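Remarks on the structure that follows.
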Amino acid sequence: MNIGILAHVDAGKTSITELMLYKSGSIRSLGNVDKGTSISDNLDIEKERGISVRLSTASFLWENTNFNIIDTPGHLDFSSEVERSLLALDCAVLVLSAAEGVQAHSDNIWSALRKLNIPTLIFINKIDRSGSDVKAVLQEIKQELTSNIIVMQQVSNESEENITINSFDLTNSVLKEKIIEKDSLLLEKYLDEICISKEEIINSFKQQIAKSKIYPILFGSAKYDIGITELMSFLSEYFPKAIGDENTEPSGIVYKLEHDQSIGKIASVRLFDGTLKNRDSIEIYGSNEISKISQIRKLQGQKFQDIGILKAGDTAALCGLSNVKAGDIIGKPYGRINTEVSLNTPLLTIKVSPENNADYSDLVKALQILSDEDPSLQLLWLQDERELHIKVMGLIHIEILKSVLNSRFGINALFGEPTVIYKETPSKPGQAYEEYTMPKPCWAVVLFNIEPGEPGSGIAYHSEVSFNKIAARYQKEIERTIPKALNQGIKGWEVTDIKITLVDGEHHNIHSRAGDFAVATPMALMKGLVEADTDLLEPILEFTIKAPEENLGKIASSLTKIGAEISEHEILNSKLKLKGLVPLASSMDYSITLASITSGKAKLNTRFTEYRKCDSGITIPYRGISPLHRAKYILQARKAINT
C-alpha cells in the first residue's frame, strides 16, 4: 500500500510518519522534528528549520499490510515534490490542524487528489492544542473541501490534558445510514426492509472509500501519540491495497531523484505493472535510451537494503539509470501518469552566480544536478554571458537552494533580486512570413496568421496547407518548432494565449533539407509578433486572510494600496476572513506588512490562479541570438558561428 502523508506546512505530517515507523518497530527510537532527529528530514536545512523540503519514503509492516509511506513537504514553495508523489499513490492521508483548519495549500492538495481520484482519509491532528475547534474544522471541511465525509470517532475533553478519542463501530446507526444512502443496492434492501449484514456494510464501506465516494475522518495528536495506532489500523483494514500485473511489460514513474557520490543517480520508482530485477535493462519513455539497473534497494528501518527485485504495486530505489530525471516514465506509459496535476508554478526567475569565480564550473554542474532532481527549476545556462538563471517558487525556496549549494556541494552562491516572470500575448492579429531560400542548399517558405487567444489557452496551432505544398515531414517540423520559438517573444518573455494558423508556404523537391523549416519558423513568428505587438501578462495570486475582526480597516486599506480585489468578506465569532486576487508584483512583501499592522495576529495564504494583462511590467533582452537578427541567426543555425 503506497500512502502519501500530505498537508499544509506545520500540520504534523512528519511527526505522524515518525510515529508510524516507531510503533511498527521499523525504527528503534522516536525522532523529533523540532530537534532535527526525524527519519524523514535528513537534509541539514530540514534539521535546522524543522520543515520538510524533499519528499521521503519509508516502509513498514502493520497488521499484515506492507506500507510504503511517502512524507511530502508542506510548504507551497516545494509543491513540485508533492505533484510528483501524487502519481505514485494508492491512497492519501490529508492532515489538517484542529487549530488552523483548512488552509490554502490543503485546498490545493485536495483539488489534485480529486482530479486523480485517489482514496483519501482526513486526519485532524493537534486536538490537544489550545484553540483546537474540531466542530469548526468539520464545518470548514464541508464548506471548502467536501460534504461527503464520514466521522469515525468522537473527541472528548478537547484541548485538555485528559483528551480521549473513541471510535465508532460501523454498525453505529448514523454511520450505517450514511454508508447505505450512497449504495443503491443496499438502499433498495433498506427500503424493502430486508436485513443488511455487517459484512455487506463493511464491503460497501471499503468500495465507497476506494471509489472516492466517501472520505473517513479520524482525529489525533501526534505530539502525545493519540490516535496514531487507530489511524494505522484503519488504513490497513479499510483502504485499498496496491494492484498491478507482475507478468506484463514494466510501467512506472520516477517520483524522486537523488545523487550519491559513489553510486550516482538513485531513482525512487513506483512500479504500476511488470517486474524489474537487478541487471535488467529498461527504457526511459520518450528518450529512446536504454539503461541497465545496477541495484534495486529499499529503506528498511534506518538502512537501505539491496532487495534485488521490484514488483508491480511496490516502490523502490533503482540505481544505474544514468540519464533519468525526476518525473520520467520508465517502460510504457500508465493511465494516471498521463494526467497533469499542478499545485503551483514557478513565478519568479533569479540569477545565480558563484561568490568565488573559480567555482563557476562547479556551480553549473550543481545546478544541473538539482534541475534533474527538480525539473521545475528550469535551469537556463547562457554560456556566452556566463550567466545562470533558474525559476523559483518563492523566498523560502531561494533560502533552501542557497543552503543546499553550500552544505551539499561546498559552493557559496550569490542570488540576485528575484524578478516576476511575465508572459506575452499578441495585442492584435498579424501575419508572419519568411522565405528562407538563401544561401543554398535550403528552401523553406512559410506564412502564418497569428492572433490573440483566449486567456489561459496557451498555444493553439493548426495548418490549412496541403502536403503537396509543404510535405508532411516538414509540417511536423514546423509544429515541433513552434513551442520552442515562442519561449521568448519580442519583450523577452514566453509567448502564450496565441492562435497560429499555417496558411501558405512551400518546400522544394531538391533544395529543401531537414531543419530548414525549423530555421524559418522562428524568424517568421518573431516578425509576426513585431507586426502584431504584444501585451504583457502578469501572475495573479488568490489570497486568503484570517485575522481578528478589529483589524478589518487596516487590512482593507493595505490591500487597496497593492491593487488587491476583495471577492469575499466574512466575519464569524469576531474572526475576519477575506478572500480575493492580487498581482504578485505588488504583493511580494505583503506578508511583512500584514504582520506589522496586525501585530502578527493575521494569517495569510496565497496561491497562483492566473495570468492577466497588465498596463506595466518588465521587458528583458532576448537571450542568445534573436531570429530578428536574420543573417546572424541563420549563420548560428547552420553552425557557421558559435553561440
- Message: Take residues that are free of Cβ contacts under 8 Å to residues at least 40 places away in the same chain and tell me which of the helices (runs of 4 or more DSSP H) falling wholly in the range 529-643 contain 3 or more.
- Response: 552-561, 590-597, 630-637
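Being among the small types (Gly, Ala, Ser) and in contact with a Ser or Thr (Cβ under 9 Å, 6 or more places away or on another chain) is the filter here, so list the residues in the range 270-316 that pass it. Steps first, answer last, please.
Going residue by residue through the range 270-316, those that are among the small types (Gly, Ala, Ser) are 274, 281, 286-287, 291, 294, 301, 308, 312-313, 316.
Residues satisfying the conditions are GLY274, SER281, SER291, GLY301, ALA312, ALA316.
Collect the residues in the range 308-323 that are of a type in the set (A, V, I, L, M) and under 7 Å from LEU271 (Cβ atoms), keeping them in residue-number order. So that I can check it myself, show each step before the final result.
Going through the range 308-323, the residues of a type in the set (A, V, I, L, M) turn out to be 309-310, 312, 316-318, 321.
Of everything in the range 308-323, those that are of a type in the set (A, V, I, L, M) and under 7 Å from LEU271 (Cβ atoms) turn out to be LEU310, ALA312.
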- Log entry, pairs with first residue in the range 294-308 being at pLDDT below 90, second being aliphatic (A, V, I, L, M) and loosely packed, with under 15 Cβ neighbours inside 10 Å, beta carbons closer than 6 Å, six or more apart or on different chains, reads none
- Task: Would you check which residues across the range 247-272 are over 30 Å from ILE369 (Cβ atoms) and surrounded by 14 or more Cβ atoms within 10 Å (Cβ to Cβ) and list them?
- Result: THR248
- State whether one or more residues within the range 574-584 are buried (at least 21 other Cβ atoms within 10 Å of the Cβ), under 28 Å from the mean Cα position of the chain (by Cα) and of a type outside the set (A, V, I, L, M). no
- Hits in the range 269-290 - residues which are closer than 15 Å to ALA326 by Cβ, of a type outside the set (Phe, Trp, Tyr) and not in a strand (DSSP E or B): GLY286, SER287
- Note on the structure: For the range 143-155, the count of residues that are modelled with pLDDT of 90 or more and exposed (fewer than 12 other Cβ atoms within 10 Å of the Cβ) equals 1
- Item | Matching residues in the range 618-643 - criterion: being closer than 16 Å to LEU380 by Cβ, modelled with pLDDT of 90 or more and in contact with a helix residue (DSSP H, G or I) (Cβ under 6 Å, 6 or more places away or on another chain) | ILE625
- Item | Looking only at the range 171-210, and only at residues there that are of a type in the set (Lys, Arg) and touching a residue at least 12 places away in the same chain (Cβ under 8 Å), the one that is farthest from VAL137 (Cα to Cα) | LYS198
- Query: Just for strands (runs of 3 or more DSSP E) wholly inside the range 335-435: which have at least 3 residues that are under 22 Å from the mean Cα position of the chain (by Cα)?
  - Reply: 348-354, 387-392
- May I ask you to say which residue of LYS211, LYS206, LYS198, LYS265 is out of contact with any Gly (no Cβ under 6 Å at 6 or more places or on another chain) and outside the structural domain of ILE141 (by TED's automatic domain parsing)? LYS265
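Being more than 11 Å from THR598 (Cα to Cα), surrounded by 21 or more Cβ atoms within 10 Å (Cβ to Cβ) and not assigned by TED's automatic domain parsing to the domain that holds PRO429 is true for just one of LEU525, LEU559. Which residue is that?
Values: LEU525 fails: not assigned by TED's automatic domain parsing to the domain that holds PRO429.
Only one candidate qualifies: LEU559.
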- Task: Could you run through the range 212-235 and say how many residues are within 15 Å of ALA99 (Cβ to Cβ) and surrounded by fewer than 18 Cβ atoms within 10 Å (Cβ to Cβ)?
- Result: 2
- Message: Looking at the range 465-477, I want the residues that are within 9 Å of HIS507 (Cβ to Cβ) and have a partner that is in a helix (DSSP H, G or I) and at pLDDT 95 or above with Cβ atoms under 6 Å, at least 6 apart or on another chain. Which pairs are those?
- Response: TYR474/PHE517
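Each row is one residue, and each column tells you yes or no for (1) out of contact with any Leu (no Cβ under 7 Å at 6 or more places or on another chain); (2) closer than 21 Å to LEU116 by Cα; (3) modelled with pLDDT under 80; (4) surrounded by fewer than 18 Cβ atoms within 10 Å (Cβ to Cβ).
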position	(1), (2), (3), (4)
TYR22	no, no, no, no
SER29	yes, no, no, yes
THR37	yes, no, yes, yes
SER40	yes, no, yes, no
ASP44	yes, no, yes, yes
ASP71	no, yes, no, no
GLY74	yes, yes, yes, no
SER80	yes, yes, yes, no
- From the set of residues in the range 1-20 that are modelled with pLDDT under 90 and surrounded by fewer than 22 Cβ atoms within 10 Å (Cβ to Cβ), which is nearest to LEU113 (Cα to Cα)? VAL9
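Within the range 589-603, how many residues are of a type in the set (A, V, I, L, M) and in contact with a Leu (Cβ under 7 Å, 6 or more places away or on another chain)? Walk me through how you get there before you give the answer.
Start the filter on the range 589-603 by keeping residues that are of a type in the set (A, V, I, L, M), which leaves 592, 594-595, 597, 602.
Narrowing further to those that are in contact with a Leu (Cβ under 7 Å, 6 or more places away or on another chain): 594, 602.
So the answer is 2.
The values are calculated or read from the model by the stated rules, or taken from the named source; none is laboratory data. Small disclaimer: the values here were computed from a predicted structure and weren't measured. Neighbour counts are summed over all protein chains in view; Cβ atoms, including those assigned to glycine, are modelled from backbone coordinates with ideal geometry.
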